[in-house]
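Everything below concerns the one structure shown next.
The values are calculated or read from the model by the stated rules, or taken from the named source; none is laboratory data. Predicted model only: the values in this text are computed from it and were never measured. Cβ placement follows ideal geometry from the backbone for every residue including glycine, while neighbour counts extend to all protein chains displayed. Each accessible area value is taken on the protein alone, full model and side chains, heavy atoms only, with ligands, DNA and RNA left out. Shrake-Rupley method; radii C 1.70, N 1.55, O 1.52, S 1.80 Å.
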Amino acid sequence: MYLCDMEVGNKAIIKKMTANNSIKRRLQDLGLIEGTVVECVLKSPFKDPKAYLIRGALIAIRKEDCSNIEVEII
């Protein structure tokens, strides 16, 4: 499953990132690294972007950026 497929209220652990180098680096700077627990908290009316709770911070991420992050629902 990918991060962009999560529904509001779901929690998951990041398993793998396959994004290109520039986007991958930016997402890692935001705290998205393997093993991190992520919770989908909000989605916009048009379903993009969604807001995720990552290490205590609420971060909105576009679908095209989070479609390369594999997660496992917990």
Taking region 27-73 and the residues there that are in contact (Cβ under 8 Å) with a residue 60 or more places away in the chain and open to solvent by 30 Å² or more (accessible area, probe 1.4 Å), the one that is farthest from Met6 (Cα to Cα) would be Asn68
If we keep only residues of region 1-26 that are hydrophobic (A, V, I, L, M, F, W, C) and farther than 11 Å from Val71 by Cα, then the residue least open to solvent (accessible area, probe 1.4 Å) is Ala19
